[in-house]
1. State yes or no: is A255 at pLDDT 95 or above, assigned to a strand (DSSP E or B) and surrounded by fewer than 23 Cβ atoms within 10 Å (Cβ to Cβ)?
2. If you check L121 against the conditions, is it in a helix (DSSP H, G or I) and either farther than 23 Å from A245 by Cα or in contact (Cβ under 8 Å) with a residue 40 or more places away in the chain (or both)?
3. If you scan region 96-122, which residues turn out to be of a type in the set (A, V, I, L, M), farther than 18 Å from P74 by Cβ and open to solvent by 60 Å² or more (accessible area, probe 1.4 Å)?
4. Taking I414, is it at pLDDT 90 or above, of a type outside the set (G, A, S), farther than 30 Å from A84 by Cβ and surrounded by 12 or more Cβ atoms within 10 Å (Cβ to Cβ)?
5. Give region 327-376 a look and list any residue that's part of a strand (DSSP E or B), over 17 Å from V279 (Cα atoms), of a type outside the set (V, I, T) and open to solvent by less than 40 Å² (accessible area, probe 1.4 Å), or say none.
6. Report every pair of residues separated by at least 6 positions or lying on different chains whose Cβ atoms are under 7 Å apart, first residue within region 310-339 and on the phi > 0 side of the Ramachandran plot and touching a residue at least 40 places away in the same chain (Cβ under 8 Å), second part of a strand (DSSP E or B) and open to solvent by less than 10 Å² (accessible area, probe 1.4 Å).
7. Only one residue in L294, L286, L197 is over 30 Å from D352 (Cβ atoms) and touching a strand residue (DSSP E or B) at 6+ places or on another chain (Cβ under 6 Å). Which one?
Amino acid sequence: MDSVSATHPCIDALLKGYELPRTGVSWLNERRARALERANALTVPTTRDEEWRFTDITPLVRVPFRPAAAAARPALVEVSCFVAPEAAARLTFVDGVFAPELSATADLPDGVVVAPLAAALNTYAAVIEPHLARHAAFEGEVFTALNTAHLRDGAFVWVARNRVCPTPVQLLYLTTQQEAATYPRCLAIVEPGAECLLIEDYASLGANVHFTDAVTEIAAGEGARVRHVRVQREAGGAFHIGHCAVAVAKDARYASHSVALGARISRLNLNVLQQGEGVDVEMDGLALISGRQLADTHSLMDHARPHGRCRQLHKCIVGGAAHAVFNGKIVVRPDSQLTDSSQQSRNLLLSDKAHVDTKPQLEIFADDVKCAHGAAVGQLDAEQLFYLRSRGLPQERARNLLIYAFGAEVLRRIPVPSLVQRLEGTVMAQTQMPTPTLPVGGRGENLA
């Protein structure tokens, strides 16, 4: 396998002058040291690596990124456009540093903790230790290893047994600096019988070229209900690589809604592990890109126990000379009988130069299962355009309406109305039509 050495200038710059942070938490020091060792030993992926063969990150590794420096923070009014009013609990990080003046965590009930990870370690180390850097494996992935080696702070969300977090929890990661590298980290632990709605939002203030290397770990206990919204809307020249690892225990439900709008190159690895019987998982995704953007989503649904159910829908809307990638894998392990898992990849090309690579995969090692997958890549339906035009709509408006409807199927399932409205505004900016008034909700509302 032909790969670039980890001493490539990009990785070398990210580790230049790096010193392991030392805290009084010995187990965390050991995990960071191990991650640093792996970051130095692993290779940067190229298109000759099977998992990266459609995604060329050469533009990323050519930029000499550096750790973000101390800088003045924006005022609340400057970030208000990213704040979800439904989320009374909010942690904001600016260039990787927690910003308490832009955050809000008051009035949470007993048994619900939303706090910076560094502060939470002092009180909740016994809760954190079994999970932090345990679900998102860094041994074989250089960007996860880099994030773990740089782990100083992050977001910690904990919902105790049988408790319900009464408000969505928003984690807002903002980047302001040119050629800066940041390492957002999130650990969410939702204990047995508990419920939580988590929003991760990655955005840029300004048109800076920067690198976001994000890792999220979610542990859903027995009978827990977790809804997870992830929005990446960084600047058009940014680079974003994210890894989300989810462990779902017996009878738990997990619903993921991921939206990729920004960045020059973005990649999301979403890995869901079924740890117990009776698990119910839903994964929705939407990539809306144009120009010369590249958006890559790799997902893994690992059915490691019987009686698992998963429904996945991923859509891409690709214009200009942009390139979208979707690789979705469903694995049904031996003895994981009575698994019911399906996956759909739907892709809309808006120009002759737009490009989509889609690769749905099934790996089945049990015999009593029901699994299916499908993929389609195409342009707008000429008959649908003709129908709308026959009802009096101009050509451009008919076209825009069809594009909007294609993406709205995914957006309308996000259980945060204000976020849906803002994301639809982004679609409207590209389709140049007023936002329709439609109900928010849809498949998966029973998970809330």
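1. Details: at pLDDT 95 or above: yes; assigned to a strand (DSSP E or B): yes; surrounded by fewer than 23 Cβ atoms within 10 Å (Cβ to Cβ): no.
For A255, the condition - at pLDDT 95 or above, assigned to a strand (DSSP E or B) and surrounded by fewer than 23 Cβ atoms within 10 Å (Cβ to Cβ) - is not met.
2. Numbers: in a helix (DSSP H, G or I): yes; either farther than 23 Å from A245 by Cα or in contact (Cβ under 8 Å) with a residue 40 or more places away in the chain (or both): yes.
For L121, the condition - in a helix (DSSP H, G or I) and either farther than 23 Å from A245 by Cα or in contact (Cβ under 8 Å) with a residue 40 or more places away in the chain (or both) - is met.
3. Step one: list which residues in region 96-122 are of a type in the set (A, V, I, L, M), which gives 97, 99, 102, 104, 106, 108, 112-115, 117-121.
Applying the additional criterion that residues be farther than 18 Å from P74 by Cβ yields 106, 108, 112-115, 117-121.
Result: A106, single match.
4. Working: at pLDDT 90 or above: yes; of a type outside the set (G, A, S): yes; farther than 30 Å from A84 by Cβ: no; surrounded by 12 or more Cβ atoms within 10 Å (Cβ to Cβ): yes.
Here the answer is no, as I414 does not meet what is asked.
5. N327, G328, S345, N347, L348, L349, D357, P360, Q361, G374 - these are the residues of region 327-376 that are part of a strand (DSSP E or B), over 17 Å from V279 (Cα atoms), of a type outside the set (V, I, T) and open to solvent by less than 40 Å² (accessible area, probe 1.4 Å).
6. none
7. Details: L294 fails: over 30 Å from D352 (Cβ atoms); L286 fails: over 30 Å from D352 (Cβ atoms).
Step by step, each of L294, L286, L197 is checked, and only L197 is over 30 Å from D352 (Cβ atoms) and touching a strand residue (DSSP E or B) at 6+ places or on another chain (Cβ under 6 Å).
A quick yes/no check of all residues on (1) open to solvent by 70 Å² or more (accessible area, probe 1.4 Å); (2) over 20 Å from I199 (Cβ atoms); (3) modelled with pLDDT of 90 or more:
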position	(1), (2), (3)
G425	no, no, no
M428	no, yes, no
T431	no, yes, no
L438	yes, yes, no
E445	yes, no, no
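The values are calculated or read from the model by the stated rules, or taken from the named source; none is laboratory data. All values reported here derive from a predicted model rather than from experimental measurement. Note that each Cβ is placed from the backbone with ideal geometry, even for glycine, and that neighbours are counted across all protein chains shown. Heavy atoms of the whole protein, side chains included, go into the accessibility calculation; ligands, DNA and RNA do not. Shrake-Rupley method; radii C 1.70, N 1.55, O 1.52, S 1.80 Å.
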